[in-house]
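**Student:** I'd like to ask some things about the structure below.
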Amino acid sequence: MYDLVIIGSGPAGMSAAIYAQRACLNTLVLERTGFGGGQVLNTYEVDNYPGLPGISGFELAQKMSEHATKLNAVTAEDDVTEITAEGDHYIIKGENGTYETKGIIIATGAKHAHLNVPGEDELAGMGVSYCATCDGAFFTGRDVVVVGGGDVAVEDAIFLARNCRKVYLIHRRDELRAAKTLQEAVKACDNVEIIWNTTVESINGSDAVETVTVKNKLTGETGLLPVAGVFIAVGILPNSEAFDGFVKRDAGGYICAGEDCATDKTFVYAVGDVRTKPLRQVVTAVADGANAVTSYQKDLLQ
(Lines give C-alpha, C1' and ligand atoms only; values in the text may rest on other atoms or scores of the structure.)
Protein backbone atom coordinates (compact mmCIF):
# COMPACT_ATOMS: atom_id res chain seq x y z
CA MET A 1 0.00 0.00 0.00
CA TYR A 2 1.44 3.36 -1.06
CA ASP A 3 0.66 6.72 0.47
CA LEU A 4 0.75 8.25 -2.99
CA VAL A 5 1.05 7.12 -6.59
CA ILE A 6 2.04 9.71 -9.19
CA ILE A 7 1.01 8.80 -12.73
CA GLY A 8 3.39 10.47 -15.15
CA SER A 9 6.95 11.75 -14.86
CA GLY A 10 7.09 15.02 -16.75
CA PRO A 11 7.93 18.26 -14.93
CA ALA A 12 4.66 18.18 -12.96
CA GLY A 13 5.12 14.56 -11.93
CA MET A 14 8.77 15.01 -10.99
CA SER A 15 7.97 18.11 -8.96
CA ALA A 16 5.27 16.16 -7.12
CA ALA A 17 7.73 13.31 -6.51
CA ILE A 18 10.30 15.70 -5.05
CA TYR A 19 7.77 17.28 -2.70
CA ALA A 20 6.32 13.89 -1.76
CA GLN A 21 9.76 12.51 -0.87
CA ARG A 22 10.53 15.56 1.23
CA ALA A 23 7.21 15.00 3.01
CA CYS A 24 8.26 11.39 3.78
CA LEU A 25 5.33 9.92 1.87
CA ASN A 26 5.66 6.35 0.62
CA THR A 27 5.46 7.24 -3.06
CA LEU A 28 5.59 5.47 -6.42
CA VAL A 29 5.94 7.19 -9.80
CA LEU A 30 4.46 5.35 -12.77
CA GLU A 31 5.91 6.17 -16.20
CA ARG A 32 4.58 4.42 -19.27
CA THR A 33 7.56 5.03 -21.57
CA GLY A 34 10.30 4.06 -19.16
CA PHE A 35 11.92 7.49 -19.13
CA GLY A 36 10.62 10.77 -17.75
CA GLY A 37 10.40 14.24 -19.17
CA GLY A 38 7.09 14.54 -20.98
CA GLN A 39 6.73 17.10 -23.76
CA VAL A 40 9.78 19.07 -22.64
CA LEU A 41 11.98 16.30 -24.06
CA ASN A 42 10.98 17.51 -27.53
CA THR A 43 12.00 21.11 -26.82
CA TYR A 44 15.42 21.92 -28.22
CA GLU A 45 15.98 24.90 -25.90
CA VAL A 46 14.06 26.14 -22.86
CA ASP A 47 14.79 29.82 -22.37
CA ASN A 48 12.06 30.84 -19.92
CA TYR A 49 12.59 28.49 -16.97
CA PRO A 50 13.94 30.71 -14.15
CA GLY A 51 17.60 30.30 -13.36
CA LEU A 52 18.41 27.97 -16.27
CA PRO A 53 18.27 30.08 -19.44
CA GLY A 54 19.06 28.23 -22.64
CA ILE A 55 18.95 24.74 -21.12
CA SER A 56 17.84 21.98 -23.47
CA GLY A 57 14.55 20.26 -22.75
CA PHE A 58 16.32 16.93 -22.40
CA GLU A 59 18.82 18.29 -19.89
CA LEU A 60 16.10 20.00 -17.85
CA ALA A 61 14.08 16.80 -17.68
CA GLN A 62 17.22 14.87 -16.71
CA LYS A 63 18.03 17.29 -13.89
CA MET A 64 14.48 16.99 -12.51
CA SER A 65 14.66 13.20 -12.65
CA GLU A 66 18.08 13.18 -10.96
CA HIS A 67 16.74 15.44 -8.21
CA ALA A 68 13.87 13.05 -7.52
CA THR A 69 16.18 10.03 -7.65
CA LYS A 70 18.58 11.68 -5.19
CA LEU A 71 15.66 11.84 -2.77
CA ASN A 72 15.08 8.10 -3.33
CA ALA A 73 11.94 8.44 -5.44
CA VAL A 74 10.84 5.05 -6.76
CA THR A 75 9.74 4.73 -10.40
CA ALA A 76 8.09 1.85 -12.22
CA GLU A 77 7.37 1.46 -15.91
CA ASP A 78 3.69 0.87 -16.52
CA ASP A 79 0.74 2.17 -18.53
CA VAL A 80 -2.36 2.72 -16.40
CA THR A 81 -5.51 1.15 -17.80
CA GLU A 82 -8.03 1.45 -14.96
CA ILE A 83 -8.52 2.97 -11.49
CA THR A 84 -11.16 1.82 -9.03
CA ALA A 85 -12.06 2.79 -5.48
CA GLU A 86 -11.77 0.09 -2.83
CA GLY A 87 -12.92 1.24 0.60
CA ASP A 88 -10.64 4.05 1.76
CA HIS A 89 -8.06 3.57 -0.98
CA TYR A 90 -7.66 3.11 -4.72
CA ILE A 91 -6.54 0.24 -6.91
CA ILE A 92 -4.58 1.21 -10.00
CA LYS A 93 -4.37 -1.41 -12.73
CA GLY A 94 -1.62 -1.21 -15.32
CA GLU A 95 -0.35 -3.39 -18.10
CA ASN A 96 2.49 -4.61 -15.90
CA GLY A 97 0.98 -4.68 -12.43
CA THR A 98 -1.58 -3.56 -9.85
CA TYR A 99 -0.96 -0.89 -7.21
CA GLU A 100 -2.85 0.07 -4.05
CA THR A 101 -2.66 3.63 -2.81
CA LYS A 102 -4.34 6.15 -0.53
CA GLY A 103 -3.78 9.10 -2.87
CA ILE A 104 -3.21 9.67 -6.58
CA ILE A 105 -1.68 12.52 -8.56
CA ILE A 106 -2.45 12.40 -12.26
CA ALA A 107 0.38 14.00 -14.24
CA THR A 108 -0.07 12.43 -17.66
CA GLY A 109 0.28 15.69 -19.59
CA ALA A 110 -1.07 16.47 -23.04
CA LYS A 111 -0.01 16.25 -26.63
CA HIS A 112 -0.27 18.89 -29.34
CA ALA A 113 -2.46 18.07 -32.31
CA HIS A 114 -0.27 17.70 -35.39
CA LEU A 115 -0.77 18.64 -39.01
CA ASN A 116 0.64 15.25 -40.03
CA VAL A 117 2.44 16.67 -43.05
CA PRO A 118 5.90 15.85 -44.44
CA GLY A 119 8.70 17.59 -42.54
CA GLU A 120 6.69 18.27 -39.39
CA ASP A 121 8.22 15.56 -37.23
CA GLU A 122 11.64 15.74 -38.84
CA LEU A 123 11.98 19.48 -38.15
CA ALA A 124 10.37 19.51 -34.70
CA GLY A 125 12.57 21.69 -32.49
CA MET A 126 14.41 22.98 -35.56
CA GLY A 127 11.87 25.59 -36.56
CA VAL A 128 8.67 23.64 -35.96
CA SER A 129 7.12 24.59 -32.62
CA TYR A 130 3.85 24.13 -30.79
CA CYS A 131 4.44 26.91 -28.26
CA ALA A 132 4.93 30.53 -29.32
CA THR A 133 5.56 31.78 -25.79
CA CYS A 134 8.24 29.12 -25.36
CA ASP A 135 10.10 29.57 -28.64
CA GLY A 136 9.03 32.87 -30.16
CA ALA A 137 12.08 34.80 -28.94
CA PHE A 138 14.34 32.62 -31.10
CA PHE A 139 12.75 34.08 -34.24
CA THR A 140 13.17 37.79 -33.54
CA GLY A 141 13.47 39.73 -36.79
CA ARG A 142 12.57 36.72 -38.92
CA ASP A 143 9.53 35.54 -40.89
CA VAL A 144 7.29 32.84 -39.40
CA VAL A 145 4.05 30.99 -40.02
CA VAL A 146 1.27 30.34 -37.55
CA VAL A 147 -1.20 27.59 -38.48
CA GLY A 148 -4.73 27.65 -37.03
CA GLY A 149 -7.74 29.86 -36.58
CA GLY A 150 -8.76 29.58 -32.94
CA ASP A 151 -7.90 31.68 -29.90
CA VAL A 152 -4.47 30.12 -29.38
CA ALA A 153 -3.41 30.57 -33.01
CA VAL A 154 -4.49 34.20 -33.08
CA GLU A 155 -2.90 34.91 -29.70
CA ASP A 156 0.31 33.32 -31.00
CA ALA A 157 0.25 35.51 -34.11
CA ILE A 158 -0.20 38.66 -32.01
CA PHE A 159 2.56 37.59 -29.64
CA LEU A 160 5.00 36.79 -32.46
CA ALA A 161 4.19 40.02 -34.30
CA ARG A 162 5.91 41.97 -31.53
CA ASN A 163 9.35 40.68 -32.47
CA CYS A 164 9.11 38.87 -35.80
CA ARG A 165 9.52 40.72 -39.07
CA LYS A 166 6.53 39.02 -40.72
CA VAL A 167 3.88 36.62 -39.45
CA TYR A 168 1.72 34.60 -41.84
CA LEU A 169 -1.45 33.30 -40.19
CA ILE A 170 -2.65 30.37 -42.26
CA HIS A 171 -6.23 29.20 -41.81
CA ARG A 172 -8.08 26.54 -43.75
CA ARG A 173 -11.39 28.42 -43.62
CA ASP A 174 -12.55 31.89 -44.69
CA GLU A 175 -13.11 33.17 -41.16
CA LEU A 176 -11.38 32.81 -37.83
CA ARG A 177 -12.89 30.94 -34.89
CA ALA A 178 -11.12 33.14 -32.35
CA ALA A 179 -12.91 35.65 -30.11
CA LYS A 180 -13.88 38.87 -31.89
CA THR A 181 -11.57 40.96 -29.73
CA LEU A 182 -8.63 38.79 -30.74
CA GLN A 183 -9.62 38.96 -34.38
CA GLU A 184 -9.66 42.75 -34.24
CA ALA A 185 -6.30 42.80 -32.50
CA VAL A 186 -4.58 40.55 -35.03
CA LYS A 187 -6.01 42.43 -37.97
CA ALA A 188 -4.57 45.62 -36.47
CA CYS A 189 -1.03 44.17 -36.59
CA ASP A 190 0.69 45.62 -39.65
CA ASN A 191 3.12 42.73 -39.97
CA VAL A 192 0.53 39.94 -39.79
CA GLU A 193 -0.89 38.60 -43.05
CA ILE A 194 -3.85 36.24 -42.86
CA ILE A 195 -3.92 33.66 -45.62
CA TRP A 196 -7.45 32.30 -45.95
CA ASN A 197 -8.74 28.96 -47.28
CA THR A 198 -5.25 27.53 -47.22
CA THR A 199 -3.58 24.44 -45.85
CA VAL A 200 0.04 23.56 -45.16
CA GLU A 201 1.08 20.68 -47.41
CA SER A 202 4.67 20.26 -46.23
CA ILE A 203 7.38 21.88 -44.12
CA ASN A 204 10.69 21.98 -45.91
CA GLY A 205 14.33 22.30 -44.91
CA SER A 206 17.45 20.25 -44.25
CA ASP A 207 18.75 21.14 -40.78
CA ALA A 208 16.11 23.82 -40.09
CA VAL A 209 12.86 25.13 -41.53
CA GLU A 210 13.43 27.00 -44.77
CA THR A 211 10.08 27.06 -46.58
CA VAL A 212 6.48 25.94 -46.22
CA THR A 213 4.43 24.55 -49.08
CA VAL A 214 0.87 25.88 -48.97
CA LYS A 215 -2.22 25.06 -51.01
CA ASN A 216 -5.29 27.19 -51.66
CA LYS A 217 -8.34 25.01 -51.11
CA LEU A 218 -10.49 26.97 -53.57
CA THR A 219 -8.14 27.19 -56.53
CA GLY A 220 -5.88 24.22 -55.87
CA GLU A 221 -2.82 26.38 -56.43
CA THR A 222 0.29 25.68 -54.41
CA GLY A 223 3.16 27.95 -53.44
CA LEU A 224 6.17 28.33 -51.19
CA LEU A 225 6.55 30.67 -48.23
CA PRO A 226 10.16 31.30 -47.18
CA VAL A 227 10.05 31.27 -43.36
CA ALA A 228 12.31 30.32 -40.46
CA GLY A 229 9.64 29.06 -38.11
CA VAL A 230 6.31 27.25 -38.14
CA PHE A 231 4.07 27.52 -35.08
CA ILE A 232 1.31 24.93 -35.12
CA ALA A 233 -1.77 25.79 -33.05
CA VAL A 234 -4.49 23.43 -34.19
CA GLY A 235 -5.39 22.05 -30.77
CA ILE A 236 -4.10 20.27 -27.68
CA LEU A 237 -5.20 16.79 -26.66
CA PRO A 238 -4.92 15.91 -22.95
CA ASN A 239 -3.74 12.40 -22.10
CA SER A 240 -6.77 11.70 -19.96
CA GLU A 241 -8.55 8.86 -21.74
CA ALA A 242 -7.62 6.33 -19.06
CA PHE A 243 -9.48 8.40 -16.46
CA ASP A 244 -12.75 8.78 -18.35
CA GLY A 245 -15.53 7.98 -15.88
CA PHE A 246 -13.16 8.09 -12.92
CA VAL A 247 -12.76 11.85 -12.51
CA LYS A 248 -14.67 14.77 -13.99
CA ARG A 249 -13.36 16.10 -17.29
CA ASP A 250 -14.41 19.14 -19.28
CA ALA A 251 -15.59 19.19 -22.89
CA GLY A 252 -12.01 19.23 -24.13
CA GLY A 253 -11.05 16.19 -22.07
CA TYR A 254 -9.04 18.11 -19.46
CA ILE A 255 -9.42 16.93 -15.88
CA CYS A 256 -11.33 19.49 -13.84
CA ALA A 257 -9.11 20.81 -11.06
CA GLY A 258 -8.31 24.26 -9.69
CA GLU A 259 -5.10 25.77 -8.36
CA ASP A 260 -5.14 23.33 -5.43
CA CYS A 261 -5.16 20.59 -8.10
CA ALA A 262 -7.97 18.68 -6.34
CA THR A 263 -10.39 16.73 -8.52
CA ASP A 264 -13.91 15.62 -7.66
CA LYS A 265 -12.49 12.44 -6.10
CA THR A 266 -11.12 12.42 -2.54
CA PHE A 267 -7.31 12.32 -2.44
CA VAL A 268 -7.05 12.46 -6.25
CA TYR A 269 -5.30 15.43 -7.88
CA ALA A 270 -4.49 16.51 -11.43
CA VAL A 271 -1.36 18.48 -12.29
CA GLY A 272 0.31 19.99 -15.31
CA ASP A 273 -1.05 20.02 -18.84
CA VAL A 274 -3.74 17.42 -18.18
CA ARG A 275 -5.76 19.71 -15.90
CA THR A 276 -7.94 22.71 -16.65
CA LYS A 277 -5.72 25.81 -16.59
CA PRO A 278 -5.05 28.98 -18.62
CA LEU A 279 -1.28 28.58 -19.07
CA ARG A 280 0.58 25.37 -19.84
CA GLN A 281 4.32 25.88 -19.30
CA VAL A 282 7.07 24.01 -17.46
CA VAL A 283 7.02 26.59 -14.67
CA THR A 284 3.27 26.17 -14.08
CA ALA A 285 3.59 22.39 -14.24
CA VAL A 286 6.19 22.24 -11.48
CA ALA A 287 4.07 24.61 -9.40
CA ASP A 288 1.15 22.20 -9.77
CA GLY A 289 3.25 19.33 -8.48
CA ALA A 290 4.08 21.26 -5.33
CA ASN A 291 0.48 22.42 -4.85
CA ALA A 292 -0.94 18.92 -5.26
CA VAL A 293 1.31 17.36 -2.62
CA THR A 294 0.59 20.26 -0.26
CA SER A 295 -3.16 19.85 -0.85
CA TYR A 296 -2.90 16.12 -0.21
CA GLN A 297 -1.10 16.64 3.09
CA LYS A 298 -3.75 19.13 4.22
CA ASP A 299 -6.59 16.84 3.13
CA LEU A 300 -5.10 13.95 5.10
CA LEU A 301 -5.42 16.00 8.28
CA GLN A 302 -9.11 16.74 7.83
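**Student:** Does at least one position in segment 31-45 carry a residue that is over 15 Å from the mean Cα position of the chain (by Cα) and within 30 Å of LEU300 (Cα to Cα)?
**Tutor:** Within segment 31-45, one or more residues are over 15 Å from the mean Cα position of the chain (by Cα) and within 30 Å of LEU300 (Cα to Cα).
**Student:** On to the next question. Go through segment 254-291 and give me each residue that's among the basic types (Lys, Arg) and touching a Gly at 6+ places or on another chain (Cβ under 8 Å).
**Tutor:** ARG280
**Student:** Going by what's in this entry, would LEU115 be described as aliphatic (A, V, I, L, M), modelled with pLDDT of 95 or more and part of a loop (DSSP other than H, G, I, E, B)?
**Tutor:** Yes: the conditions hold for LEU115.
**Student:** For segment 60-77, state whether one or more residues are of a type in the set (Val, Ile, Thr) and in a strand (DSSP E or B).
**Tutor:** Yes, some residue in segment 60-77 is of a type in the set (Val, Ile, Thr) and in a strand (DSSP E or B).
**Student:** So which residues in segment 182-205 are part of a loop (DSSP other than H, G, I, E, B) and either modelled with pLDDT under 95 or touching a helix residue (DSSP H, G or I) at 6+ places or on another chain (Cβ under 7 Å) (or both)?
**Tutor:** Once the filter is applied, which keeps residues that are part of a loop (DSSP other than H, G, I, E, B) and either modelled with pLDDT under 95 or touching a helix residue (DSSP H, G or I) at 6+ places or on another chain (Cβ under 7 Å) (or both), segment 182-205 yields CYS189, ASN191.
**Student:** Does segment 283-295 include one or more residues that are assigned to a loop (DSSP other than H, G, I, E, B), touching a residue at least 40 places away in the same chain (Cβ under 8 Å), within 20 Å of PHE159 (Cβ to Cβ) and within 13 Å of the chain's Cα centre (by Cα)?
**Tutor:** There is no residue in segment 283-295 that is assigned to a loop (DSSP other than H, G, I, E, B), touching a residue at least 40 places away in the same chain (Cβ under 8 Å), within 20 Å of PHE159 (Cβ to Cβ) and within 13 Å of the chain's Cα centre (by Cα).
**Student:** Still on this structure, please answer the following. With the requirement that a residue be surrounded by fewer than 13 Cβ atoms within 10 Å (Cβ to Cβ) and closer than 23 Å to VAL212 by Cα, what does segment 161-186 give you?
**Tutor:** Here is the first cut: in segment 161-186, the residues surrounded by fewer than 13 Cβ atoms within 10 Å (Cβ to Cβ) are 162, 173-175, 180-181, 184.
If the condition is that a residue be surrounded by fewer than 13 Cβ atoms within 10 Å (Cβ to Cβ) and closer than 23 Å to VAL212 by Cα, then ARG162, ARG173, ASP174, GLU175 are the ones that fit.
**Student:** For THR198, work out the one condition from (1) farther than 26 Å from VAL283 by Cβ; (2) loosely packed, with under 15 Cβ neighbours inside 10 Å it doesn't fulfil.
**Tutor:** Failed condition: (2).
**Student:** Take LEU28 and tell me if it is under 27 Å from TYR296 (Cβ atoms) and in a strand (DSSP E or B).
**Tutor:** Values: under 27 Å from TYR296 (Cβ atoms): yes; in a strand (DSSP E or B): yes.
Yes: the conditions hold for LEU28.
The values are calculated or read from the model by the stated rules, or taken from the named source; none is laboratory data. Nothing here was measured: the structure is a model prediction, and the numbers come from that model. Note that each Cβ is placed from the backbone with ideal geometry, even for glycine, and that neighbours are counted across all protein chains shown.
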